[in-house]
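Data first, discussion second: the structure below is written as structure tokens.
The values are calculated or read from the model by the stated rules, or taken from the named source; none is laboratory data. Please read these numbers as outputs of a predicted model, since none were measured by experiment. A quick note on method: Cβ atoms are made from the backbone with ideal geometry, for glycine too, and the neighbour counts reach across all protein chains shown. The area values use the complete protein model at the heavy-atom level, side chains included, leaving out ligands, DNA and RNA. Shrake-Rupley method; radii C 1.70, N 1.55, O 1.52, S 1.80 Å.
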Amino acid sequence: MTENQTVQQKSARRNRVAAAACFAAALITASVVGTQSASADGAAHNAAYRTTAAAPGLGSAALVQSEDFQKGLNPVGATVALTGRQGLSACSGEETMRDLTKGNATAYASVTWTFDTDGLLIESAASAPTETAAATWEKQLVALVQDCQDEPAGHWHYGAAHTLTVTGGTARWYPSYNGDGTVTGGVAVLRSGTRVAIVELTGRPTDGPTSVEGIATAALNRLPS
């Protein structure tokens, strides 16, 4: 297989994943695992959201909440699961957190947020049995993201890595770009103690990398919850 054929196959796989994500968004209100509709009362909404998917060790409180979104991102629904079977990112194809951790996490949690305009925010988290295991999974997630940095001209790709640190946690975040160079969200790999996560905003323009950094910071602050 030539290098060009390999690139074409990888790009085609990602295009199929992106299309599947958009289709899933259309079906999200029919999901049966921890679905919550948006509410004018954000506090009441989040209380219900956290209660729905509470789990020993790792639950929805450790994931992005509706009040974490910046101006212009208006959530209308959240689907939560505790199985570790949600796709990791637009770059990972069908790989899930359960696949990456080989089922060895002590708990899983994930959320898919939809908005009143195009786009999705997905987050997948896992709790490791040891900090050594968490560090290994973090490296694997970073390698997965970096695989989508080096793409031919005119292809969708992740940009350069940026780092941030909060009390007890660190993250690497990356803006994502369309083939024409437009920023269209981004992705972040997070770690706090024995917890790791990946969070990604896809399918919509943003006001620049600062939006991605804001989401990454909010997610990192939530992860130790």
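Closer than 15 Å to S124 by Cα, surrounded by fewer than 21 Cβ atoms within 10 Å (Cβ to Cβ) and among the aliphatic types (A, V, I, L, M): is that true of A218 in this structure? Before you say what the answer is, go through the steps one by one.
Numbers: closer than 15 Å to S124 by Cα: yes; surrounded by fewer than 21 Cβ atoms within 10 Å (Cβ to Cβ): yes; among the aliphatic types (A, V, I, L, M): yes.
Taking the combined requirement at face value, the residue satisfies it.
Of these, G214, G185, G154, G181, which one is among the small types (G, A, S) and in a helix (DSSP H, G or I)?
Details: G185 fails: in a helix (DSSP H, G or I); G154 fails: in a helix (DSSP H, G or I); G181 fails: in a helix (DSSP H, G or I).
Matching residue, one of G214, G185, G154, G181: G214.
Kindly evaluate G103 against the criterion of being more than 12 Å from the chain's Cα centre (by Cα) and under 19 Å from T202 (Cβ atoms). Reasoning before the result, please.
Details: more than 12 Å from the chain's Cα centre (by Cα): yes; under 19 Å from T202 (Cβ atoms): no.
Here the answer is no, as G103 does not meet what is asked.
Conditions (1) modelled with pLDDT under 90; (2) within 15 Å of S92 (Cβ to Cβ), marked per residue:
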position: S124; (1), (2): no, yes
position: T136; (1), (2): no, no
position: D147; (1), (2): no, yes
position: W156; (1), (2): yes, yes
position: T163; (1), (2): no, no
position: V196; (1), (2): no, yes
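Anything in region 115-134 that is assigned to a strand (DSSP E or B) and either open to solvent by 20 Å² or more (accessible area, probe 1.4 Å) or within 20 Å of A61 (Cβ to Cβ) (or both)? List them, or say none.
Step one: list which residues in region 115-134 are assigned to a strand (DSSP E or B), which gives 115, 120-127.
L121, I122, E123, S124, A125, A126, S127, listed by residue number.
All but one of (1) assigned to a loop (DSSP other than H, G, I, E, B); (2) closer than 14 Å to T194 by Cβ hold for C91; which doesn't?
Evaluating C91 over (1) assigned to a loop (DSSP other than H, G, I, E, B); (2) closer than 14 Å to T194 by Cβ leaves (2) as the failure.
Output the number of residues of region 82-104 satisfying the condition of being within 23 Å of N221 (Cβ to Cβ) and out of contact with any Phe, Trp or Tyr (no Cβ under 8 Å at 6 or more places or on another chain).
3
Scanning for something open to solvent by 10 Å² or more (accessible area, probe 1.4 Å), under 21 Å from G57 (Cα atoms) and among the acidic types (D, E), does region 97-114 turn up at least one residue?
yes
Test each condition in (1) modelled with pLDDT of 90 or more; (2) in contact with a Ser or Thr (Cβ under 9 Å, 6 or more places away or on another chain); (3) part of a loop (DSSP other than H, G, I, E, B) for A61 and report the one that comes out false.
It fails just one condition, (3).
(1) farther than 20 Å from F69 by Cα; (2) open to solvent by 10 Å² or more (accessible area, probe 1.4 Å); (3) not hydroxyl-bearing (S, T, Y); (4) not in a helix (DSSP H, G or I): which one isn't true of C148, the others all being true?
(2)
On the basis of being farther than 19 Å from E67 by Cβ, open to solvent by less than 30 Å² (accessible area, probe 1.4 Å), hydrophobic (A, V, I, L, M, F, W, C) and touching a residue at least 60 places away in the same chain (Cβ under 8 Å), does A197 make the cut? Write out each step before concluding.
Numbers: farther than 19 Å from E67 by Cβ: no; open to solvent by less than 30 Å² (accessible area, probe 1.4 Å): yes; hydrophobic (A, V, I, L, M, F, W, C): yes; touching a residue at least 60 places away in the same chain (Cβ under 8 Å): yes.
Spelling it out, it is not the case that A197 is farther than 19 Å from E67 by Cβ, open to solvent by less than 30 Å² (accessible area, probe 1.4 Å), hydrophobic (A, V, I, L, M, F, W, C) and touching a residue at least 60 places away in the same chain (Cβ under 8 Å).
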